[in-house]
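Chemist: This is the structure, below, for whatever I ask next.
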Amino acid sequence: MAPRRLVLLPCVLLLSACGGVPEPGTGAEPETAAPEEVREYGPAPVPEGGGSAVPDDVNGDGFPDLLFTTRHDPDSEAGLPSQRLMIVHGSPEGPDPATRTVWSPYTVLPVTSAGTGGAGARPGTADLDGDGFADIPVLAHADEELGFGTAASGLGPRAIVWGGPSGPDPDTTPTPIPLLAEEGWQDTFTALASGDFDGDGVPDLAVAKASANGEASRLMVMYGPFDRDGAPARSAQRTVNAQVGGLVAEPPAPDGGASRLLFQHGDDGGQSENTLLLTGPGDPGRWESVDLISGSLAAFGDLDGDGEDDLALGDSGSRNDEPGYGTEPPEVDQRVHVYPGPLNAEAPAPLAVDLAGDGSASSTTSRAMAVCDLDGDGADVLAVGRDGHGVDLLRHTGDGIEVDGAEPLVRRGPEDGPLAAGDAAGRVAGLFSCADYDADGADELALAHDLEGTRDTPVRWWITGDGGEDEASFDSAAF
């Protein structure tokens with residue numbers, strides 16, 4: 001199975017162990033009590049690595065790192081962005097909160113992975129210069145002394161935070177990616193995805209921006225390797241006659257082959273229409289394309305274990321709030337569709353599974369999706385997180401896609417804070433990502449909970465398999 005990626009100043013951080021975890025998979029209300037002991041973690045030095053091919057390994061030690069953002073009270077007068085990038089570095093026991101990298105607010109705004117879900121959007125990475133250390137595409141904070149961005153917006157250009165033996169240095173200025181302004185097109189690229197779009201084994205970047213009238217999009221493919229000035233080896237363009245909502249790339253295959261690219265149309269609050277671009281070494285303007293069913297959640301993975309990636313598309317629950325547009329067609333509403341691989345222009349009818357619950361928003365609103373191989377057998381499962389419900393695992397049965405087990409995977413946050421003590425649904429942790437965090441050959445799920453759903457309060461984390469004992473849990477109390 002190909003490795004998968006599925007969505008933050010120096011300071012001393014206090015991290016506490018988690019309490020109140022229910023029996024795995026039962027969804028039962030736990031006995032929630034204050035932890036008897038508050039554990040203080042580090043901070044410890046980031047482990048130095050020699051480089052690896054592991055996705056999201058920004059310090060090259062062979063373990064994926066957990067990248068996320070937390071909100072920070074913005075400067076309302078300056079209108080600055082309100083997110084902070086953070087990294088909890090990996091270890092043989094999974095993400096280790098003692099080894100972490102924390103950016104000061106407003107330095108960078110991470111480019112999150114499209115298709116993964118709203119609150120669970122995850123910063124993306126790629127080894128853009130081929131040195132064995134994953135790099136982080138970001139939107140840089142304006143720095144007029146360096147000649148990019150404006151003080152009025154507080155935002156600069158797309159840029160790269162470079163990985164290294166001790167991980168990225170938050171005190172080093174990100175390297176802007178040189179993207180030329182074009183008459184008739186908006187200046188800002190609003191979508192970005194990383195993959196190997198020409199199949200040469202080197203990561204590339206795809207970005208898109210809208211036309212001035214918003215009726216078309218300009219897709220630019222920047223081919224790696226990138227130099228340390230932020231320039232790609234070459235680039236090419238393609239015009240798409242649709243608004244861009246997001247780009248989702250198939251993870252690069254370890255044995256070669258081009259990463260397909262999903263173009264998600266602008267959705268105006270509803271579910272995205274989707275067009276799959278069949279990439280390859282040729283001119284992107286000549287890539288074949290195929291229109292697929294609508295759905296704002298998207299993930300590539302080998303669900304049937306045949307060595308070919310499949311594509312899952314799901315209803316995120318978002319709806320247009322204009323009169324008469326608050327619904328989706330029955331074939332889209334509260335469903336997940338899987339297009340079996342190999343993915344080509346002759347796309348077969350997708351397999352479908354209905355995730356509708358008891359009719360309440362807390363049981364029918366899907367918010368995040370990820371693929372992972374929880375037992376290391378080469379076949380992925382599809383994890384779907386829903387508000388107040390937990391995480392369902394969907395498996396390929398040979399004849400179709402089914403929800404595995406009667407109960408979702410549930411972890412609950414603490415009862416203290418703005419939520420009422422009896423608000424059990426509001427305390428259910430959401431799906432964030434999936435990766436082999438301890439490098440043992442099987443993936444783990446990362447679940448996250450914050451009290452207000454905005455990540456401006458402490459975020460509690462669980463790293464777990466398919467519902468057994470948690471490999472790690474910690475609270476980013478001082479983040």
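The values are calculated or read from the model by the stated rules, or taken from the named source; none is laboratory data. Not measured: the values here are computed from a predicted model. Glycine gets a Cβ as well: all are built from the backbone with ideal geometry, and neighbour counts include every protein chain shown. Each accessible area value is taken on the protein alone, full model and side chains, heavy atoms only, with ligands, DNA and RNA left out. Shrake-Rupley method; radii C 1.70, N 1.55, O 1.52, S 1.80 Å.
Chemist: Can you name the condition, by its number, that residue 343 falls short on among (1) more than 23 Å from the chain's Cα centre (by Cα); (2) under 21 Å from residue 399 (Cα atoms); (3) not polar (S, T, N, Q)?
Modeler: Tallying (1) more than 23 Å from the chain's Cα centre (by Cα); (2) under 21 Å from residue 399 (Cα atoms); (3) not polar (S, T, N, Q), residue 343 fails exactly one: (1).
Chemist: Scan the stretch 216-228 and give yes if some residue there is open to solvent by less than 30 Å² (accessible area, probe 1.4 Å), on the phi > 0 side of the Ramachandran plot and out of contact with any helix residue (DSSP H, G or I) (no Cβ under 6 Å at 6 or more places or on another chain), otherwise no.
Modeler: Among the residues of the stretch 216-228, not one is open to solvent by less than 30 Å² (accessible area, probe 1.4 Å), on the phi > 0 side of the Ramachandran plot and out of contact with any helix residue (DSSP H, G or I) (no Cβ under 6 Å at 6 or more places or on another chain), which makes the answer no.
Chemist: Any residue at all in the stretch 110-124 that's buried (at least 24 other Cβ atoms within 10 Å of the Cβ), under 14 Å from the mean Cα position of the chain (by Cα), assigned to a strand (DSSP E or B) and modelled with pLDDT under 75?
Modeler: The answer is yes; a qualifying residue exists.
Chemist: Tell me, yes or no, whether the stretch 302-313 has at least one residue that is within 16 Å of residue 221 (Cβ to Cβ), part of a loop (DSSP other than H, G, I, E, B) and not aliphatic (A, V, I, L, M).
Modeler: As a first pass, look at the stretch 302-313 and keep what is within 16 Å of residue 221 (Cβ to Cβ): none.
Checking the stretch 302-313: not a single residue is within 16 Å of residue 221 (Cβ to Cβ), part of a loop (DSSP other than H, G, I, E, B) and not aliphatic (A, V, I, L, M).
Chemist: Is it the case that the stretch 234-252 has a residue that's acidic (Asp, Glu) and open to solvent by 20 Å² or more (accessible area, probe 1.4 Å)?
Modeler: No, the stretch 234-252 contains no residue that is acidic (Asp, Glu) and open to solvent by 20 Å² or more (accessible area, probe 1.4 Å).
Chemist: Quick one: residue 153 ticks every box in (1) buried (at least 17 other Cβ atoms within 10 Å of the Cβ); (2) modelled with pLDDT under 90 except a single one, so which number is it?
Modeler: Condition (1) is where residue 153 drops out.
Chemist: Follow-up. Go through (1) among the charged types (D, E, K, R); (2) open to solvent by 20 Å² or more (accessible area, probe 1.4 Å); (3) closer than 19 Å to residue 123 by Cβ for residue 260 and report which single condition fails.
Modeler: For residue 260, the failing item is (3).
Chemist: Looking at residue 206, is it among the small types (Gly, Ala, Ser), outside any loop (DSSP other than H, G, I, E, B) and at pLDDT below 85?
Modeler: Numbers: among the small types (Gly, Ala, Ser): yes; outside any loop (DSSP other than H, G, I, E, B): yes; at pLDDT below 85: no.
Criteria not met by residue 206.
Chemist: Sticking with this structure for a sec: Tell me yes or no: at least one residue of the stretch 98-108 is of a type in the set (Lys, Arg) and either at pLDDT below 70 or within 17 Å of the chain's Cα centre (by Cα) (or both). Please lay out each step first, then the result.
Modeler: Step one: of the stretch 98-108, the residues of a type in the set (Lys, Arg) are 100.
Pick out the ones that are also either at pLDDT below 70 or within 17 Å of the chain's Cα centre (by Cα) (or both) and you get none.
The answer is no, given that none of the residues of the stretch 98-108 is of a type in the set (Lys, Arg) and either at pLDDT below 70 or within 17 Å of the chain's Cα centre (by Cα) (or both).
Chemist: Checking residue 337 against (1) under 22 Å from the mean Cα position of the chain (by Cα); (2) within 30 Å of residue 126 (Cβ to Cβ); (3) in a loop (DSSP other than H, G, I, E, B): exactly one of these is not met. Which one?
Modeler: The single condition residue 337 does not satisfy is (3).
Chemist: Now for a different question. Those residues that are part of a loop (DSSP other than H, G, I, E, B) and either open to solvent by less than 40 Å² (accessible area, probe 1.4 Å) or at pLDDT 90 or above (or both), I need them from the stretch 157-180; list them, please.
Modeler: First, pick out the residues of the stretch 157-180 that are part of a loop (DSSP other than H, G, I, E, B): 162-174, 177-180.
Of everything in the stretch 157-180, those that are part of a loop (DSSP other than H, G, I, E, B) and either open to solvent by less than 40 Å² (accessible area, probe 1.4 Å) or at pLDDT 90 or above (or both) turn out to be 162, 163, 164, 165, 166, 167, 168, 169, 170, 174, 177.
Chemist: I'm trying to understand the selection: among the residues of the stretch 316-347, which are in contact with a helix residue (DSSP H, G or I) (Cβ under 9 Å, 6 or more places away or on another chain) and crowded, with 21+ Cβ neighbours inside 10 Å?
Modeler: 317, the sole residue that qualifies.
Chemist: Related question: Somewhere in the stretch 411-424, is a residue in a strand (DSSP E or B) and modelled with pLDDT under 90? Before the answer, list the steps.
Modeler: Filtering the stretch 411-424 down to residues in a strand (DSSP E or B) leaves 412.
Subset that is modelled with pLDDT under 90: 412.
Looking through the stretch 411-424, at least one residue is in a strand (DSSP E or B) and modelled with pLDDT under 90.
Chemist: Would the stretch 439-462 turn up any residue that is among the acidic types (Asp, Glu), in contact with a Phe, Trp or Tyr (Cβ under 6 Å, 6 or more places away or on another chain), modelled with pLDDT of 80 or more and surrounded by 22 or more Cβ atoms within 10 Å (Cβ to Cβ)? Explain how you work it out, then say what you get.
Modeler: Initial filter on the stretch 439-462 (among the acidic types (Asp, Glu)): 440, 443-444, 450, 452, 456.
Next, only the ones that are in contact with a Phe, Trp or Tyr (Cβ under 6 Å, 6 or more places away or on another chain) stay: 444.
Now drop any that are not modelled with pLDDT of 80 or more, which leaves 444.
Adding the requirement that they be surrounded by 22 or more Cβ atoms within 10 Å (Cβ to Cβ) leaves 444.
Yes, the stretch 439-462 contains a residue that is among the acidic types (Asp, Glu), in contact with a Phe, Trp or Tyr (Cβ under 6 Å, 6 or more places away or on another chain), modelled with pLDDT of 80 or more and surrounded by 22 or more Cβ atoms within 10 Å (Cβ to Cβ).
Matching residues to (1) at pLDDT below 95; (2) surrounded by fewer than 22 Cβ atoms within 10 Å (Cβ to Cβ):
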| position | (1), (2) |
| --- | --- |
| 267 | yes, yes |
| 270 | yes, yes |
| 277 | no, no |
| 282 | yes, yes |
| 287 | no, yes |
| 295 | yes, no |
| 304 | yes, yes |
